[in-house]
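In what follows, a single structure is set out as structure tokens and then discussed.
The values are calculated or read from the model by the stated rules, or taken from the named source; none is laboratory data. Remember, predicted model here, so these are calculated numbers, not experimental data. Here the Cβ positions follow ideal geometry from the backbone for every residue, glycine too, while neighbour counts run over all protein chains shown.
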């Protein structure tokens with residue numbers, strides 16, 4: 001019995017070593033492909049996803065380095081890769097990449113962060129809403145509406161001043177959503193086509209900002 005137990009143990013160790021070795025080889029191959037700038041975008045993207053799946057606790061650091069990639073699609077691929085493997089590291093990187101220079105990357109980060117529903121994230125997104133890079137001139141980019149849709153779901157009483165100011169935003173969609181948030185906060189409702197105008201007058205009279 002002892003001999004059998006020893007054989008089973010040695011077999012298990014050998015299998016584990018083989019699997020680990022194969023994973024290491026897979027990771028090394030895939031991370032090299034992800035870093036190879038001569039390859040097409042689709043191949044590098046797929047390689048980064050696979051490298052994240054094969055990475056161990058030490059190797060994941062090489063995956064995380066793609067948050068600083070010069071290629072926007074690889075920064076975006078990083079978020080997808082981390083999200084796919086189910087690590088909370090995706091939230092840490094999303095907090096950084098929500099201010100990325102590429103709109104697509106910022107939008108992907110917002111999608112991820114809105115799952116947390118934390119005060120920290122709300123404050124972060126509230127600041128991001130009016131960043132210069134989320135406008136073209138005075139016109140909103142789509143990410144502003146994306147952020148607002150999340151913020152108005154469960155607005156806090158402490159955010160009354162913030163939403164009151166946004167009633168006067170140049171973007172009518174932002175103004176309309178701000179009105180929705182204030183209705184939830186205050187339980188005040190104005191009827192008719194000029195409800196927004198009534199709200200603007202009301203917040204001024206109440207000196208909410």
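Name the single residue, out of those in the range 51-64 being in contact (Cβ under 8 Å) with a residue 24 or more places away in the chain and outside any helix (DSSP H, G or I), that is surrounded by the fewest Cβ atoms within 10 Å (Cβ to Cβ). In this case the residue turns out to be 56.
In this structure, is residue 136 without any contact (Cβ under 8 Å) to a residue 24 or more places away in the chain and under 18 Å from residue 100 (Cβ atoms)? Considered against the rule, which asks whether it is without any contact (Cβ under 8 Å) to a residue 24 or more places away in the chain and under 18 Å from residue 100 (Cβ atoms), residue 136 comes out as yes.
Can you find a residue in the range 145-157 that is free of Cβ contacts under 8 Å to residues at least 60 places away in the same chain, more than 23 Å from residue 196 (Cβ to Cβ) and more than 12 Å from the chain's Cα centre (by Cα)? So far as the range 145-157 goes, no, none of its residues is free of Cβ contacts under 8 Å to residues at least 60 places away in the same chain, more than 23 Å from residue 196 (Cβ to Cβ) and more than 12 Å from the chain's Cα centre (by Cα). Inspection of the range 77-87 finds no residue satisfying the criterion of being free of Cβ contacts under 8 Å to residues at least 24 places away in the same chain, in a loop (DSSP other than H, G, I, E, B), surrounded by fewer than 22 Cβ atoms within 10 Å (Cβ to Cβ) and in contact with a helix residue (DSSP H, G or I) (Cβ under 6 Å, 6 or more places away or on another chain).
Here's the yes/no breakdown for (1) over 23 Å from residue 139 (Cα atoms); (2) at pLDDT 95 or above:
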position: 173; (1), (2): no, yes
position: 177; (1), (2): no, yes
position: 181; (1), (2): no, yes
position: 185; (1), (2): yes, yes
position: 193; (1), (2): yes, no
position: 196; (1), (2): no, yes
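Of the residues making up the range 117-133, one or more are touching a helix residue (DSSP H, G or I) at 6+ places or on another chain (Cβ under 6 Å), within 30 Å of residue 59 (Cα to Cα) and at pLDDT 95 or above. Considering 94, 67, the condition of being within 27 Å of residue 134 (Cβ to Cβ), under 18 Å from the mean Cα position of the chain (by Cα) and either free of Cβ contacts under 8 Å to residues at least 12 places away in the same chain or surrounded by fewer than 22 Cβ atoms within 10 Å (Cβ to Cβ) (or both) is satisfied by 67 alone. The set of residues in the range 99-127 that are closer than 18 Å to residue 66 by Cα, surrounded by fewer than 16 Cβ atoms within 10 Å (Cβ to Cβ) and within 11 Å of the chain's Cα centre (by Cα) comprises 99, 104. Restricting 7, 48 to those that are at pLDDT below 95 and in a helix (DSSP H, G or I) reduces the list to 7. With respect to being touching a strand residue (DSSP E or B) at 6+ places or on another chain (Cβ under 9 Å) and surrounded by fewer than 15 Cβ atoms within 10 Å (Cβ to Cβ), residue 170 fits the description.
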